[in-house]
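What follows is a short report on a single structure.
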Amino acid sequence: MPAEFWFEIGCEEIPARAMAKSLGELRDGVKHLLEEERLEFDRVDAFGSARRFVIHAPSLAERQKPRSTLTLGPPARIAYDNGQPSPALVGFARKNNVAVEELKPFSTERGEYFGFETTVEGESAADILTRNLPRIVSSMSFPKTMVWMDPAQRFSRPVRWIIAKHGERLLPLTLFGVRSAGYSEGHRILGAGRVEVGSFADFIEKLRKNYVIVSQEERCRKIVDELDREAARLNARIISDDRLLEEVVFINEYPTVLRGEFDQRFLELPREILITVMKEHQKYFAVETPEGVLAPYFLAVINTAGDPRGLIRKGHERVLRARLTDALFFWEVDRKQSLAERSTRLKSIVFHEKLGSYADKVRRMQKLARKVNALTKARVDSKTLRQAVEWSKSDLTTEMVREFTDLQGVVGGLYARSEGAPEEIWRAIYEHYRPQGLADASPDTPSGAVLSITDKLDTVLGCFNAGVVPTGSEDPLGLRRAMQGVIKVLLDRELPFSMERAAGDGAASQFKQFYEERLRYILEQRGFAYDEINAVVAAGCDDPSDVLDRVKAIREIRSSPDFEAISLAFKRIKNILRQAEKAGERFADAPQGQDLEPAESDLFALLQDIRPRIDKLARRRKYRVVLETMAGARPVIDRFFDKVMVMHENPELRKRRLALLANLFQAFSRAADVSEIVVRGNG
């Protein structure tokens, strides 16, 4: 009988920013296991907080379904000789300990064979889970892991308790030296140290009584409701931040929102600094008036049931006051030295041991920025760009950035503005660390976009040329994020580019593959199908914004009957050309246009007419029209294959027709290699 399965790992506090990813890996690992092992289940849910990972499958089969295996022996044509079992059949039966009479004929794709079926009883879910859960847990990834018992076993934080149950049965599971037992733990301060539990519903209810809300979705709703309620009392609105919200959801097992205040004098600080101090160090939400003016309040999410005497609120206000006092001091002191003066100190700050100081990085960026400005046709004034690059890293020498590292770039822009720098310069510096991720906004200004691309691309190219390359899940310098940032800016701002020309002749050979992988990943995240991506990348991917235009065109037209037919035709053309090349055919210089059969002549005339039109359309990026033009050629291509023998026995005819198909394939591949498109019913 199916029964619920649930599993909890209890541990010391895990960094909240790691929780969502790790929890998703655990859920996916368990789901994949159940699917691979043919254990029927309805769904797998995952819950978690900084102190626990919880998996729940409401209905999981008791054991695998029995399965039949087919063991085949000799072909039917040699199984019997004049009505008697042949030596081959007798030998097969003896080898498998089966009576000859039990062997039966079975039809297969290769013909009819004699053999036998065996029913294999399914293994119990409990045994499968007990054996495999340790492997799944060990495969979870974290930014950092710890060893506290066996050096061969690592996890984010020490594990303190485990529960693993299928129905009423407690699984005999051991993880990191901890054996599965029938108890959990409540809230670290408000709850009981040990909570005996039975079913999953009992677990949820008893933990709630011990001030733990197991569901992160429920905790999120509670936080959002209380934030909105407190903001309404102030006639203000929350400055929303999804990343901060996710973090406080996982930090707090029993979240409660409280409101605090800070001195009006701190509003002299730039808005960005105030918000960063509240968010990054204290995990507070800032609020603003309906007019968008920052208000002298903050909303904190605390891990307790309330603060009736206001003692917690006063403590938070005291800590924030100290932080803001430091920030105000840094703001005043840092500006006593200009960014130009600070830039001379960059030579003492190491960027990377193989790439020199930040002063060296700025020198490389000056050269690369000119190239990026030209390739993107951004038309940023050369003096403006040179000055923005020169000051772009100067804020790394400031006290503000040393204390609040997330403000790098932003602080530089603010300081440049306070010095009276033109908007194009200070905005470029302010924006050039964006985007920080695929969900982050790209720079708003042309100068910011050029500086952002330059900074990130210099880091990637420099590291690759120095042999510092990401491996597996290891990417300590964030090169994947940097490359994705370059691509995202180019796509968001629809800027032309040439990655090959930007990288130059001396670029590491691995760079091109790395760039293509990141481009594919971004296109996947934007919802394009794998075969659409394959089709456009096969036709070239040097310019990301051009690739985006082409993949959009493919998605728009791929479902039309004519285009599907053209895709199938080009699969055929590709296979013919590939097989001909394998056979050693040489047809590149074959003469064209002489003594042609009618269908062959029609295709040749079509190619002569269509090639210059496709070239012109492709230069204007009219890729939808290119693909429609290709689809419109379907009748001529169909007639060619109906009437013309390509692989003719006459070598001259064969070479000429292969050359015609090769030229057609090349002309039609300006937008995409449409042979990569999977046609319905042919995938």
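The values are calculated or read from the model by the stated rules, or taken from the named source; none is laboratory data. Bear in mind that the values here come from a model prediction, so they are computed numbers and not experimental data. Cβ: placed from backbone, ideal geometry, glycine included. Neighbour counts: every protein chain shown.
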Selection from the range 544-563 of residues under 23 Å from Glu500 (Cβ atoms) and acidic (Asp, Glu) yields Asp546, Asp549
Out of the residues in the range 142-175 meeting the condition of being farther than 30 Å from Glu40 by Cβ and among the aromatic types (Phe, Trp, Tyr), tell me which one is farthest from the chain's Cα centre (by Cα). Trp148
Here are Ile223, Ile204, Ile275: which of them is assigned to a helix (DSSP H, G or I), of a type in the set (Val, Ile, Thr), out of contact with any helix residue (DSSP H, G or I) (no Cβ under 9 Å at 6 or more places or on another chain) and in contact (Cβ under 8 Å) with a residue 24 or more places away in the chain? Ile275
What is the one condition in (1) exposed (fewer than 14 other Cβ atoms within 10 Å of the Cβ); (2) touching a residue at least 24 places away in the same chain (Cβ under 8 Å) that Ala605 does not satisfy? (2)
Looking at Phe203, Phe176, which is the one that is modelled with pLDDT of 95 or more and of a type in the set (A, V, I, L, M, F, W, C)? Phe203
Report yes if some residue within the range 409-416 is without any contact (Cβ under 8 Å) to a residue 40 or more places away in the chain, in a helix (DSSP H, G or I), within 16 Å of Glu272 (Cβ to Cβ) and outside the structural domain of Phe329 (by TED's automatic domain parsing); otherwise report no. yes
For the range 456-474, does any single residue satisfy the condition of being on the phi > 0 side of the Ramachandran plot, of a type outside the set (Lys, Arg) and surrounded by fewer than 16 Cβ atoms within 10 Å (Cβ to Cβ)? yes
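Residue-by-condition table, conditions (1) within 25 Å of Arg518 (Cα to Cα); (2) surrounded by fewer than 16 Cβ atoms within 10 Å (Cβ to Cβ):
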{"site": "Thr405", "(1), (2)": "no, yes"}
{"site": "Val410", "(1), (2)": "no, no"}
{"site": "Tyr415", "(1), (2)": "no, no"}
{"site": "Glu419", "(1), (2)": "no, yes"}
{"site": "Arg434", "(1), (2)": "yes, no"}
Pairing a residue in the range 302-325 that is more than 15 Å from Leu274 (Cβ to Cβ) and free of Cβ contacts under 8 Å to residues at least 12 places away in the same chain with any residue that is among the hydroxyl-bearing types (Ser, Thr, Tyr) and surrounded by fewer than 17 Cβ atoms within 10 Å (Cβ to Cβ), where Cβ atoms lie under 9 Å and the two sit 6 or more apart in sequence or on different chains, gives none
Which of the residues belonging to the range 552-576 are surrounded by fewer than 21 Cβ atoms within 10 Å (Cβ to Cβ) and of a type in the set (Gly, Ala, Ser)? Ser559, Ser560, Ala565
Could you say which residue among Met1, Met19 is under 20 Å from Met140 (Cβ atoms) and aliphatic (A, V, I, L, M)? Met19
Is it the case that some residue within the range 107-124 is closer than 21 Å to His56 by Cβ and small (Gly, Ala, Ser)? yes
